[in-house]
Amino acid sequence: MKEWWLQVGLLCIPLVAVYLHIPPPQLSPALNKWLSAGEHFHFRGHNVFYRDSFGALGSSDVVILLHGFPTSSYDWIKIWEPLTQRFHRVIALDFLGFGFSDKPRPHKYSIFEQASLVEALVSHLGLGQQKVNLISHDYGDTVALELLYRSDQNRTGRLNFNSLCLSNGGLFPETHHPRLLQIVSDPLVCVLCFLIGEVFGPYTQPTEAEFWDMWGGLRYNDGNLVLDSLLQYINQRLKHRERWVGALTSTSVPLHMIYGPLDPVNPHPEFIRLYQ
């Protein structure tokens, strides 16, 4: 039938309407523990969640962790303790619109604002003169590149980099192939795609409980309603490619790349060849 798409659309409308009124799931004990161990600070009238742990004695090294889309700082839970054994201070935050941070709407979310948020947190913690190490993933990679650009251009409020470690993310628009989750703003479709776990490797598939924790963080403070606004970062990557890839190619900051070659979003070997 030629109008099959119309029938599917009409069927989806009530489903989405129901979905938007489904209350968010209760936070699991693990998420509650993560939330209770963190703090909030004010950024441009909004509350931003962060974790700040002191670890290794005899070290002055600080590491800041920048998470990906559409999750939160909780992504780092499995390596949090090992990092505290290596670094004196381990810090992670939820970007605005993510996790336990505020999720204002309507709001014009941007990579530039998220970078300023990181700078504000560093200042809030009294680390403005401290050399810091950044570890970033996915969405956080682009924020890290904007911070790198500001640092190399001696912009006000810049981070004092010690090193930058990037992991799988869309550093180059020309090798970035977003999944349906990253290009469809319909929240119901996003959920269905998200639960597939397509972007995880065959040996690192999250458990059902871990998927629910990701979903719980996303739904916290109605985060599902700002996904379409957050997704503008993909267009920003295209628009500001020269700025951010330029920072990557010209910086003197020590760089490291952790790359999983089974990544369907940034596939091997195109991505790694371009990076090299």
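Here are the numbers:
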| item | result |
| --- | --- |
| Lysine pairs meeting the criterion (Cα under 29 Å, 8 or more apart or interchain), as found in the chain | 6 |
| Sorted largest first, extent of the chain alpha carbons per principal axis (Å) | 67, 42, 39 |
| Packing-based order for 139-145, 238-244, using average beta carbon neighbours within 10 Å, highest first | 139-145, 238-244 |
| Global geometry of the stretch 204-276, whether rounded, prolate or oblate, following the gyration tensor of its Cα atoms and the 1.5 cut on a/c | oblate |
| Residue-averaged 222 nm ellipticity for the chain, from DSSP H runs of 4+ at -39500 (n - 2.57), nearest 500 | -12000 deg cm²/dmol |
| Cα→Cβ-extended label distance, 7 Å offset, between His124 and Tyr275, nm | 3.0 |
| Separation of alpha-carbon centers, the stretch 133-180 and the stretch 17-74, rounded to whole Å | 20 |
| Distance histogram for the stretch 66-115 (every C-alpha pair counted, 5 angstrom bins, percent rounded to whole numbers) | 4, 19, 25, 22, 13, 9, 5, 2, 0 |
| Nitroxide proxy distance, nm - points 7 Å out along Cα→Cβ at Asp228 and Glu81 | 4.3 |
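Bear in mind these aren't lab numbers, they're just calculated from the coordinates by the rules spelled out. Just so it is clear, the model here is predicted, and its values are computed rather than measured. Here Cβ is always computed from backbone atoms with ideal geometry, including for glycine, and neighbour counts include all displayed protein chains.
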